[in-house]
Amino acid sequence: MIFVLNKGIFMIIGDNIRKIRKEKGLTQKEVAAKLNTYPTNINRIENNKYTPSVTVLMKIAELFEVSIDYLVTGKEDKLDDIKIEDKNLIERFKMIDSLDESEREALITIIDSMLTKKKFKDFFQKEIAVTG
């Protein structure tokens, strides 16, 4: 569960999810069916009565084909050319790439979850600094 620090942060998530859902031409009922949940749950999220877990945000982001950052902040991160100079890290990426698809997906899910939690923490700390 995400702790709400101020109402503005909380509202961004539901508002962004509603906006993207409408842009995709989907109803709450269709989104709920694709996420294997009830339309009332989607309604509660969009109306800022419930903050989805990281796992639910990951599923919504995948369904809408957007990043979790975009769901949370409404801003898409731009990836610049990435240069990795740490040879150990490069070797690990090569090893990850050689895993079976299911193992690779499981590892990516764990990494994504950890990175998303960090981004939430950074985002909320930034909001506290701005509003505090």
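Which condition breaks for Val56 when tested against (1) closer than 30 Å to Glu127 by Cβ; (2) without any contact (Cβ under 8 Å) to a residue 40 or more places away in the chain; (3) in a loop (DSSP other than H, G, I, E, B)?
Among (1) closer than 30 Å to Glu127 by Cβ; (2) without any contact (Cβ under 8 Å) to a residue 40 or more places away in the chain; (3) in a loop (DSSP other than H, G, I, E, B), the lone unmet condition for Val56 is (3).
Residues checked against (1) modelled with pLDDT under 95; (2) exposed (fewer than 14 other Cβ atoms within 10 Å of the Cβ); (3) of a type in the set (Gly, Ala, Ser):
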residue: Met1; (1), (2), (3): yes, yes, no
residue: Gly8; (1), (2), (3): yes, yes, yes
residue: Met11; (1), (2), (3): yes, yes, no
residue: Ile17; (1), (2), (3): yes, no, no
residue: Ile20; (1), (2), (3): yes, no, no
residue: Val31; (1), (2), (3): no, no, no
residue: Ile45; (1), (2), (3): yes, no, no
residue: Tyr50; (1), (2), (3): yes, no, no
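With (1) farther than 16 Å from Asp15 by Cβ; (2) in contact (Cβ under 8 Å) with a residue 40 or more places away in the chain as the list, and Ile108 as the residue in question, which single condition is left unmet?
(2)
Residues being farther than 27 Å from Thr55 by Cβ and either in contact with an Asp or Glu (Cβ under 7 Å, 6 or more places away or on another chain) or part of a helix (DSSP H, G or I) (or both): count how many of those fall in the stretch 84-111.
5
Could you check the stretch 23-45 and list, in sequence order, the residues that are under 18 Å from the mean Cα position of the chain (by Cα), part of a helix (DSSP H, G or I) and either more than 21 Å from Gly74 (Cβ to Cβ) or among the charged types (D, E, K, R) (or both)?
Matches in the stretch 23-45: Glu23, Ala32, Lys34, Asn41, Arg44.
When you scan the stretch 61-79, do you find a residue that is in a helix (DSSP H, G or I), touching a Gly at 6+ places or on another chain (Cβ under 7 Å) and modelled with pLDDT of 90 or more, even just one?
no
The values are calculated or read from the model by the stated rules, or taken from the named source; none is laboratory data. None of the values given here were measured: they were computed from a predicted structure. Counting neighbours? That spans all protein chains shown, and the Cβs are built from the backbone with ideal geometry, glycine included.
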